[in-house]
Amino acid sequence: MTPDPPLFVLWYDFTQWLLAKTGRFPKRVRFSFSNRIDNLALDIIEAIVEARYSAEKRAILRRIDLNLEKLRVLLRMCCDLHYPDVRKFFDSVDHGVLKDQLRRKVKDPDLLRLLDVFIDHPVPWTETGKGIPIGNLTSQHFANFHLSGLDHYIKEDLRIEGYVRYMDDLVLWADEKDTLRDAAARIEGYLKDRLRLRVKEGGLLLAPVLQGLPFLGFRIFPGVVRIDRRGWRRFRRKVMAVDRKLISGAVGHDTWQRSMASLVGHLQQADTRNLRASFFGPGAQEAPTG
């Protein structure tokens, strides 16, 4: 099998990433921005394939350049309108609130000045004075620290015994729906009044546990954990991307092996033995190790 050219591999991976992003755009723009962006990205990957087998490459490359420029303009507009990350937690963190929280805990002025440098690092698509960059290692700690007061509020003031939080994903359990409805209203008030945050549209789910809890890419039922459809699609895309890199020579066998072990290890957190067997074939239920 002829290896895919590096350009094709890179654009293929970028398109997968882009389609996942545009799928989370607000509903009101999915048939305008999302569709146009998706179609341009797919047109480009088709043109790359066409150019590979065509003797007249110049016209095809000009078409690719034009579509790239169109795509760049649309993506810039989407960033200016905050579509990629609207209402997301990291982009909504208020700098003033976070700094006040840190100053109640940290008294060393030199350390506070250093923390302010990290907090004030600009995030291009956010409002002035808001947002912490996801790429910074400090942002994960800032995010947990920022919501630690909410944890105490839920456990100590609302007296919710069943409570789990992973970053900005919160899960509460109670015997009565009214208890959860009241807690949800109070939590929204806490976020708005004390942290200047708001719950994203459609972000609240009130359902019995027998229906299954969608959490961190899994659906959790009493006694069994399943991978959700989006998580399964993402797993398959990543496996195929890693395989393409191995075939094209972009990575070596050791790197491929580690990547596959990581992907399958994540899948093993759920009850997926039969699913893995059907995907990899008989005798390949576990992560490849050599």
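The values are calculated or read from the model by the stated rules, or taken from the named source; none is laboratory data. Remember, predicted model here, so these are calculated numbers, not experimental data. Here the Cβ is made from the backbone with ideal geometry for all residues, glycine too, and neighbour counts use every protein chain on show.
When residue 21 is tested against (1) modelled with pLDDT under 75; (2) surrounded by 15 or more Cβ atoms within 10 Å (Cβ to Cβ); (3) out of contact with any Phe, Trp or Tyr (no Cβ under 7 Å at 6 or more places or on another chain), just one condition goes unmet, and that condition is (1). For region 120-161, filtered to residues that are of a type in the set (Asp, Glu) and farther than 30 Å from residue 180 by Cα, the residue that is farthest from the chain's Cα centre (by Cα) is 120. When residue 194 is tested against the conditions (1) under 18 Å from the mean Cα position of the chain (by Cα); (2) modelled with pLDDT of 85 or more, the lone failure is (1). Entry remark, region 117-136: residues being part of a helix (DSSP H, G or I) and exposed (fewer than 15 other Cβ atoms within 10 Å of the Cβ) number 1 in total.
Pairing each residue of region 98-114 that is under 21 Å from residue 147 (Cβ atoms) with any residue that is charged (D, E, K, R) and in a helix (DSSP H, G or I), provided the two are 6+ apart or on different chains, yields C-beta distances under 7 Å for 99/116; 112/103. For region 99-145, which residues satisfy the criterion of being over 20 Å from residue 200 (Cα atoms) and of a type in the set (A, V, I, L, M)? Scanning region 99-145 gives 102, 106, 111, 112, 114, 115, 117, 119, 137.
Can you tell me which residue is nearest to residue 278 (Cα to Cα) among those in region 240-257 that are of a type outside the set (Lys, Arg) and either in the same structural domain as residue 18 (by TED's automatic domain parsing) or in contact (Cβ under 8 Å) with a residue 40 or more places away in the chain (or both)? Across region 240-257, the extreme among qualifying residues is 241.
In the condition set (1) of a type in the set (Val, Ile, Thr); (2) surrounded by 15 or more Cβ atoms within 10 Å (Cβ to Cβ); (3) not assigned by TED's automatic domain parsing to the domain that holds residue 179, residue 106 is compliant with all but (2).
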